[in-house]
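Report on one structure; see the data block that follows.
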Amino acid sequence: MQQLTKLPTLQELLIDNEDSLKQNALTVLLNQDPPAKWLVQHPMIRDYRYIPIEKIEYLLTKIYPRWWVEIRNSQIVANSVVVTVRLHVINPLTGAEEWQDGIGAAPVQTDKGAGATDWNSVKTDGVQKAAPAAETYAVKDAAEKFGKIFGRDVSRKGSMDYNNLLKESTLNSELEK
């Protein structure tokens, strides 16, 4: 039988304890803008910047005591390899396992001038190159869901500011309105 969780009251939400302040600090950390020097201009998409996978993996390693990737599915869709993953992390405050799913796709390379679905013109290493690229995109997609520091809002026009979570009086006054 599944254990039901009691929802907090509004009053309980307004009272900060040490655990909620630590969780707020983690939320604020995860929702900081990534260092501008880490952002790279995409070579084929105009005005699109991203964080390379090595920076994502570095952040995962620095923030979480343990993380791993589970490949959930891979398939060919049209002329691309599509990979779905589940990115597992251990919450550094609670020790609990958390996860986010991600999806990524990468085109299978074909000979110059060939149609995208001309399977007779697929490069011999086309799938070999597309599959890991699709996995990389999927891991990045999953990581972005943990917070801005992983690149979630890099190419968005607007975003939320989470810094007020550390300011108890701001949080309490917003909730009392």
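Just so it is clear, none of the values below were taken in a lab; they were calculated from the coordinates. None of the values given here were measured: they were computed from a predicted structure. So basically every Cβ, Gly included, is an ideal-geometry build from the backbone, and we count neighbours across all protein chains shown.
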*Whole-number D in µm²/s for the stretch 6-114 (Stokes-Einstein; Kirkwood sum over Cα pairs; 25 °C, 0.890 mPa s)*: 140
*List every residue whose amide H lies under 5 Å from the amide H of THR110, counting only residues 5 or more places away in sequence or on a different chain, with H placed 1.01 Å from N in the peptide plane.*
LYS123
*Backbone N under 20 Å from the LEU26 label point (7 Å along Cα→Cβ), restricted to the stretch 42-71*: 56-70
*With 29 Å as the limit, write out which pairs from LYS55/LYS129; LYS37/LYS123; LYS22/LYS148; LYS37/LYS62 have Cα-Cα distances beyond it, or answer none.*
LYS37/LYS123
*Mean projection of the alpha-carbon convex hull of the stretch 58-158 over all orientations, in nm²?*
8.1
*Nearest 20 debye, what's the magnitude of the dipole of the stretch 17-154 about its Cα centre given +1 on Lys and Arg Cβ and -1 on Asp and Glu Cβ?*
300
*asked:* Suppose R0 equals 25 Å. What FRET efficiency, 1/(1 + (r/R0)^6) with r the Cβ-Cβ distance, do GLN128 and ASP47 give to the nearest 0.05?
replied: 0.20
